[in-house]
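All of the numbers you see were taken from the coordinates with simple rules; none came from a lab. In this text, all values refer to a predicted model and were calculated from it rather than measured experimentally. Glycine also receives a Cβ, built like all others from the backbone with ideal geometry; neighbour counts cover every protein chain displayed.
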Protein chains: 2
Amino acid sequence: MYFKQRTHTCGELTEEHIGSEVVLNGWVDTRRDLGGVIFIEMRDRYGITQVVFEPHISEQAHHESKVLRSEYVVSIEGVVRKRPEGTENTTLPTGNIDVLVNKVVVLNVAKTTPFPIQDNIDVHEDLRLKYRFLDLRRPKMQNALLLRHKMYQVARKYLDSLNFVEVETPVLMKSTPEGARDFLVPSRMHKGRFYALPQSPQTYKQILMVAGMDRYFQIVKCFRDEDLRADRQPEFTQIDIEMSFIDTEQIYEMVEGLMKDFYKQVWNKDLVTPLPRLTYDDAMETYGSDKPDLRFDLPMTTLNKVFENSTFRVFQDSITKGGIISGMVAPGCGDYTRNQLDNLTDFCKKLGAGGLIWIRAKEEGLESPTMKFLTEDEQKALTAALDAKPGDLLLILTGKKWKTLQLMGMLRQEMARRLNLIKEDSEPKLLWVVDFPLFEWDEDTKRYYAMHHPFTSPRLEDIEYMESDLSRVKARAYDLVLNGSEIAGGSIRIHNSDLQAKMFQALGLTDAEANEKFGFLMNAFQYGAPPHGGIAFGFDRLAMIFAGEHSIRDVIAFPKTASGMSLMDEAPAGVSDDQLKELHIRIRGEQAAK
Amino acid sequence: MYFKQRTHTCGELTEEHIGSEVVLNGWVDTRRDLGGVIFIEMRDRYGITQVVFEPHISEQAHHESKVLRSEYVVSIEGVVRKRPEGTENTTLPTGNIDVLVNKVVVLNVAKTTPFPIQDNIDVHEDLRLKYRFLDLRRPKMQNALLLRHKMYQVARKYLDSLNFVEVETPVLMKSTPEGARDFLVPSRMHKGRFYALPQSPQTYKQILMVAGMDRYFQIVKCFRDEDLRADRQPEFTQIDIEMSFIDTEQIYEMVEGLMKDFYKQVWNKDLVTPLPRLTYDDAMETYGSDKPDLRFDLPMTTLNKVFENSTFRVFQDSITKGGIISGMVAPGCGDYTRNQLDNLTDFCKKLGAGGLIWIRAKEEGLESPTMKFLTEDEQKALTAALDAKPGDLLLILTGKKWKTLQLMGMLRQEMARRLNLIKEDSEPKLLWVVDFPLFEWDEDTKRYYAMHHPFTSPRLEDIEYMESDLSRVKARAYDLVLNGSEIAGGSIRIHNSDLQAKMFQALGLTDAEANEKFGFLMNAFQYGAPPHGGIAFGFDRLAMIFAGEHSIRDVIAFPKTASGMSLMDEAPAGVSDDQLKELHIRIRGEQAAK
């Protein structure tokens, strides 16, 4: 059907337009029939405007408006008028006017929607995902996508201003599984061969540095075929950045500038830089996490010194075995009931702790079943070390160092939750975590893995340990942490083929394996690779935090479920056998027919 | 190794820096040893600067510089000086100065490169692709990627300013092969099911319109598993755009504004708008192509009127069978030898023409073996119709209408080539081709296909023919043509589920098939879909034309070969059987082992 182009959006008419003839196109948000007069709130991405059908203005329009229902698409022509005194709607920017309709064209009809198009709805997420085209009509979701849009533009503008070059790297690349599983794409032209979707453009961006591009960025889809945890997606978006001839300081400065822009343009906040930096070791010892949430304090304290001569068997054991005793104070929780304390103990045990030592601080001293094992001096030293006040609860875990610190970190988070220390309006906290170990020991497979990835450079002063003690080698790696989430991670890379070979060796790759997987990069390194490094932002999580959302699915237009399904179009789906034949593959277990 | 951060790039030092202490980091481009003094041209992305090692400035640096070879990576410290009179290099922005080196650090060594790092090299493209990290160091390639970068930013800035929202659509979607083949991705979590990589985000962008996003854009990778023609890539980039509540005119205006920006910011040219429009029928009749190159004229003329009463059997046949007689003038080619004419005839026959009628225009009239079949009046009318002048060559093809027009179009291109009508500096020619047929008849399969895609709206006045005569139905579709290349194409879409169902019916899809493939879109259309339409630019070709290149591979960082290979990393490659097992697939013909 024919219709007139809108003269205005549904979000822009105000008193200055009174008397103007206007055309609006949009959706029927709500409809009220007050006897002779019909009121429609018309909605589009830009806002809501009330339009009014009065029989004495246009009998025909009034008559036609009777069929209108929620989510019908209409085009109206009319005249803007001031709303009658007392009927203004102060919650709408357009709330002082409405439009008296002369003419209406119904552009499309709509069935009754399975949920209302409004922000607060109580429906299962699966239904929202199935009807994503309706879910995305809700202002909350529209705002999330608009915020995401803004963040793309802010990031690119900033990076462009610093001479970064946007380069697209291939989506169909080579499979080099190391860490996560690759998604594979069978090749039709090369039987038995496969492309892989990139887990990140890591090797390509390093190649671009070898190619002299100097500064590269890309906002790019990456893929991991993992069993999805709550906040993971099989395809996700990175802001991917790489620079040549730099060291860590230049990366920090560049990233902090970008974060300043995000803070200002999304939150209208001034970010103070340089950002605080915590070493990995300090972050673990004080917050029990390599991505500590600093919106609340609750620091942990290592108590090995306090108990170095303790006769308490549990502490003795930890100390002699090179373990750790870590304590923290839960302020004002000294009145926790036995039931609450058992509950906390259960929380720790479920996570794998042997037990939880809890101590109530009273005016008259510490009180706990454990106290009988500690000397008075130890009790005093403990109180002092943790700066415990009467009314506080002291919590102690002990055991193997890294595991205990991690458990303590989770207990810290749990106490913050119980104490309600994170408010909606808590000031966001951004920091660097630096000096990560280069390697991570895996108990199950009894080998070292690269904590970041195998292209991360060791600290120059640690290279000597690459062949003697991998546990001592620190990486030139850094993570950016916002409100307890890792939002970006990166490193200075190895740019020397000998050191890269040494790294692959340390990771247990044979020369042949290293060559098969990464030969082209090692080869490139032999033709004049510059020193380089970079970083990658997890854009979905970043957008989620800036949007104040709690699920990345709420900042992704068409997310998948935890089992990798798209509920709207039902992907993945079956395909024809002809398609499979052309790709030279067959479903396993199916008849090997001709 | 440790090195100092550069104070300047290799492209920015000029006479105003004379006397400054500077640090430069970059590659050794060339090295000359003039007895006591060594000259190095240092290169980075930003330019070239000459640095000079003199023993009396620093013996050590001079000594160390002796090992430097092309493509070594170095960091130097030194003082900027004016070049000695007569040694300036006017081809370089930095050509009036050089840097006297105090200190040099070799950051990396380089093997001898398989080809020189300079613009004009004569090597097989395969070698360039294998060593892409070196190929991309050539200034020409760096400029191509910088131009591409600029075009991304120009496009996004323009679309952002018009309230378009950038939304990422899924890469892992549902397979709906219609036209080209899909790349498939086996699902690990859902045995026997597959994702497909998008041939375009068409359905998603329409869903976004149903979702009320109003204006969407995305610069996005798309995928087609086709046997690659010279200028195709299995993965390619689109600027994808969709708008609601608009008609064709709003699309034209929006696109013309974008092209204006590209012209100005890439070519520094002022594009005059509105752009000329040709209907599909006119484009075919006059230029024999739906993407005519208007940088040269050579129009074709339909001669059916001229020969409507002809007794010449060949013309009679064409006319009675509803065919066409199409002629054109090759100016000044009246002196073509018989050999040249036979050659042209062969050209046409190879393309599938029955033959070529050629006629020399002389002062005394037309001359050709064919003339004996034409009356004097017909000869005069022919001369007038084609506006032929003495010395011209007249060329005529006749037969089935569309095939003949296409052949004539190719002959027109060929004549332009022979007459050298397209110069490097020919003014670019941009135009719209509009009013495409909605359907295209395929002789082989004896059925109609959608000429654009099955979501294209028919002209409203032609809907009545949807059930009677598909050949009469014109589409609300448009192509943007630059210098004979289709750089963008789009349409107003169907937004009504009944009309969409009618369209699928016309294309021979059963309800069940339509529902299986596009049910989610049809379903979405029932909940208030707005009128909408859009366009998609082939970004690689667009960048190629703006860069003045002749292959899209020269504006893609890491392109694939015609057989879909990446020569640098040798993708696609074999994968482990464990990987295939997890994906529940097997290579066909391989042993069905356990």
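Roughly how crowded by other chains is peptide B:403-411, in terms of the mean Cβ count from those chains within 10 Å of each of its Cβ atoms?
That average works out to 0.
Using only DSSP helix segments of four residues or longer, with each worth -39500 (n - 2.57), what per-residue ellipticity at 222 nm results for chain A after dividing by its residue count and rounding to 500?
The per-residue figure over chain A is -8000 deg cm²/dmol.
Which aspartates and glutamates does B:LYS423 reach when only Cα atoms under 19 Å apart count, and residues fewer than 8 places away in its own chain are ignored?
B:ASP293, B:ASP297, B:GLU414, B:GLU549
What's the long-distance tail for segment B:478-594, i.e. % of Cα pairs beyond 24 Å?
Value for segment B:478-594: 62 percent of Cα pairs lie more than 24 Å apart.
Using Cα positions and a limit of under 14 Å, work out the aspartates and glutamates in reach of A:LYS269, with same-chain residues fewer than 8 apart set aside.
Once the sequence-local aspartates and glutamates are set aside, what remains near A:LYS269 is A:GLU256, A:ASP261, A:ASP425, A:GLU427.
Got the relative contact order for chain B handy, in percent, Cα pairs under 8 Å and 6 or more residues apart?
13
What is the Rg over Rh value, at two decimals, for segment B:15-108, using alpha-carbon atoms and the Kirkwood definition of Rh?
0.92
Given segment A:381-461 reduced to its alpha-carbon atoms as identical point scatterers, what log10 I(q)/I(0) does the Debye formula return at q = 0.12, 0.24, 0.26 Å⁻¹?
-0.65, -1.23, -1.29
Rounded to two decimals, what ratio of Rg to Rh does segment B:287-355 give with C-alpha atoms and a Kirkwood Rh?
0.99
Are there trypsin sites (Lys or Arg not before Pro) in segment B:106-192 that DSSP puts in a loop and that have at most 11 other Cβ atoms within 10 Å, and which ones?
For trypsin sites (Lys or Arg not before Pro) across segment B:106-192 that sit outside H, G, I, E and B with at most 11 neighbouring Cβ atoms in 10 Å, the list reads B:LYS111.
If you wrap a convex hull around the C-alpha atoms of the protein assembly as shown and split its volume per residue, what is the figure in Å³?
Spelled out: Cα convex hull of the protein assembly as shown, divided by residues, is 249 Å³.
How large, in Å, is chain A by the Kirkwood hydrodynamic radius built from its alpha-carbon pairs?
Evaluated over chain A, this radius sits at 28.8 Å.
How large is ³J(HN,Hα) for each residue in segment A:269-282, as worked out from phi by the Karplus curve 6.51 cos²θ - 1.76 cosθ + 1.60 (θ = phi - 60°), to whole Hz, x for Gly and Pro?
Along segment A:269-282, the couplings run 10, 9, 7, 8, 10, x, 6, x, 10, 10, 6, 3, 4, 5 Hz.
For B:LYS446, give me every one of the lysines with a C-alpha distance below 18 angstrom, ignoring sequence neighbours fewer than eight places off in its own chain.
B:LYS400, B:LYS401, B:LYS403
Report, in listed order, any pair from A:LYS157/A:LYS502; A:LYS130/A:LYS205; B:LYS429/B:LYS560 with a Cα-Cα distance greater than 32 Å.
A:LYS157/A:LYS502; A:LYS130/A:LYS205
If you build the Cα gyration tensor of segment B:296-418 and take the root of 5 times each eigenvalue, what three semi-axes come out, in whole angstrom, biggest first?
19, 18, 13
Select from segment B:340-400 those GluC sites (Glu not before Pro) which occupy a DSSP coil region and have at most 13 other Cβ atoms within 10 Å, ordered by residue number.
B:GLU363, B:GLU364
If the only charges are +1 at each Lys and Arg Cβ and -1 at each Asp and Glu Cβ, what is the size of the charge dipole of segment A:448-594 around the Cα centre, to the nearest 20 debye?
20
Using the structure shown, list the pairs from A:LYS191/A:LYS221; A:LYS349/A:LYS517; A:LYS111/B:LYS260 with a Cα-Cα distance above 31 Å, or answer none.
Correct reply: A:LYS349/A:LYS517; A:LYS111/B:LYS260.
For the Cα atoms of chain A, what angle does the longest principal axis make with the long axis of helix A:248-262, in degrees from 0 to 90, nearest 10?
Compared with the principal axis, the helix lies near 30 degrees.
Filter the trypsin sites (Lys or Arg not before Pro) in segment B:296-399 down to the DSSP loop ones having no more than 14 other Cβ atoms within 10 Å, then list what survives.
Those satisfying the criteria are B:LYS305, B:LYS321.
Based on Cα positions only, what radius of gyration and what Dmax would you give for segment A:202-299, in angstroms?
For segment A:202-299, the Cα radius of gyration and maximum Cα-Cα distance read 16.9, 48 Å.
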